[in-house]
Amino acid sequence: MARKVKEPVAAVKASAMSKFANQLRGWRTKRGWSQAELAVKLGYSNALVSQVEREHKPPSAEFAAKCDEVFDTPATFADLQELVAREAWPSYFAPVIDSETRATQVHEWEQRVVPGLLQTEDYARSVIRAGQPRITPDELERKVASRLERQAIFAREAGRPMYWVVIHEGVLRHVVGSPEIMQTQLGRLIDAADSPDILIQVLPYSASDHPGTDGPILVFDLADAPSSGYTECKGGGMIVEQPEQVGGLVTSMNLIRAAALSPRESRKYIAKIRDEIT
């Protein structure tokens, strides 16, 4: 009787996070440094270096840049960190990350949750955990870190984008996590509204006959390419590049803005809602 031959098991592709950890461990070992010694040179805690090497915490862009500086490996760790950040997102969302980093202006409409570019850490953690109740603690922290990493575009010394967002009132009144988490999140929006690079408008319940009910909208104005858009539904999304389709999204955004409160009134309204939360 012929013996059935098993198919070879395909090799598991190493994750970007695993590659980063291996590079960090390899270069540290090559220099003969302990984790504690490397932590001192990087200006981070020993605990953080250990967590990155054990793949328990994703590296930030700043951490990666410091690694390249300390090990004299230009762009090696920075490039891996970018892959780590992209790995945390579903494939359909990856083009959004690229567009955000290249955009001169970002326009957004959101009716579900506070936009990721303005979320606090606790709010992001609560939203992700609620949407993925079976997520592991390590995976949760990786997703939170990647979401917050997107906000680095506002900390750039040059080339910061103008961000103009309209948020539905229901998002502000829906308590996520806890009243304390929500109050802090609304405080974050108030602080962001004071930034010269950020415009926030609130679409109140009283607004009617606006196209925002069709779902969230993102439009990116790019310096080196025509504007593009992004639309999303449960479990998927797509980049929009055809001029007539992008034009339709821009028209929708303008109609939503016209129905929303002014930026000044919106800031006051957010503060009012924050004070009402108990």
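Conditions tested, residue by residue: (1) crowded, with 20+ Cβ neighbours inside 10 Å; (2) in the same structural domain as residue 251 (by TED's automatic domain parsing); (3) under 22 Å from residue 135 (Cα atoms); (4) hydroxyl-bearing (Ser, Thr, Tyr).
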position: 53; (1), (2), (3), (4): no, no, yes, no
position: 58; (1), (2), (3), (4): yes, no, yes, no
position: 63; (1), (2), (3), (4): yes, no, no, no
position: 66; (1), (2), (3), (4): no, no, no, no
position: 70; (1), (2), (3), (4): no, no, no, no
position: 73; (1), (2), (3), (4): no, no, no, yes
position: 102; (1), (2), (3), (4): no, yes, no, no
position: 105; (1), (2), (3), (4): no, yes, no, no
position: 109; (1), (2), (3), (4): yes, yes, no, no
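Sort through 62, 139, 100, 69 and tell me the only one that's of a type in the set (Asp, Glu), more than 13 Å from the chain's Cα centre (by Cα) and closer than 30 Å to residue 270 by Cβ.
Answer to the check: 62.
Can you name the condition, by its number, that residue 138 falls short on among (1) in contact with a Ser or Thr (Cβ under 7 Å, 6 or more places away or on another chain); (2) part of a helix (DSSP H, G or I); (3) at pLDDT below 90?
(1)
If I filter region 206-217 for residues that are β-branched (Val, Ile, Thr) and surrounded by fewer than 17 Cβ atoms within 10 Å (Cβ to Cβ), do I get at least one hit?
Within region 206-217 (the criterion being β-branched (Val, Ile, Thr) and surrounded by fewer than 17 Cβ atoms within 10 Å (Cβ to Cβ)), the answer is yes, since at least one residue qualifies.
Just one of (1) under 24 Å from residue 228 (Cβ atoms); (2) surrounded by fewer than 20 Cβ atoms within 10 Å (Cβ to Cβ); (3) in contact (Cβ under 8 Å) with a residue 60 or more places away in the chain trips up residue 98, so point out which.
All conditions pass for residue 98, except number (3).
Just to be sure I understand, how many residues within region 133-173 are without any contact (Cβ under 8 Å) to a residue 12 or more places away in the chain and in contact with a helix residue (DSSP H, G or I) (Cβ under 8 Å, 6 or more places away or on another chain)?
1
Any residue in region 161-178 that is among the basic types (Lys, Arg), surrounded by 14 or more Cβ atoms within 10 Å (Cβ to Cβ) and in the same structural domain as residue 119 (by TED's automatic domain parsing)?
Looking through region 161-178, none of the residues is among the basic types (Lys, Arg), surrounded by 14 or more Cβ atoms within 10 Å (Cβ to Cβ) and in the same structural domain as residue 119 (by TED's automatic domain parsing).
Can you pull out the residues in region 25-59 that are of a type in the set (Ser, Thr, Tyr) and either without any contact (Cβ under 8 Å) to a residue 12 or more places away in the chain or not in a helix (DSSP H, G or I) (or both)?
Hits for region 25-59 are 29, 34, 44, 45.
Show me the strands (runs of 3 or more DSSP E) found entirely inside region 198-278 where at least 1 residues are hydroxyl-bearing (Ser, Thr, Tyr) and at negative phi.
It comes to 228-233.
The values are calculated or read from the model by the stated rules, or taken from the named source; none is laboratory data. Predicted, not measured: the structure shown is a model, and the values here were computed from it. Neighbour counts run over all protein chains shown; Cβ positions are idealised from the backbone, glycine included.
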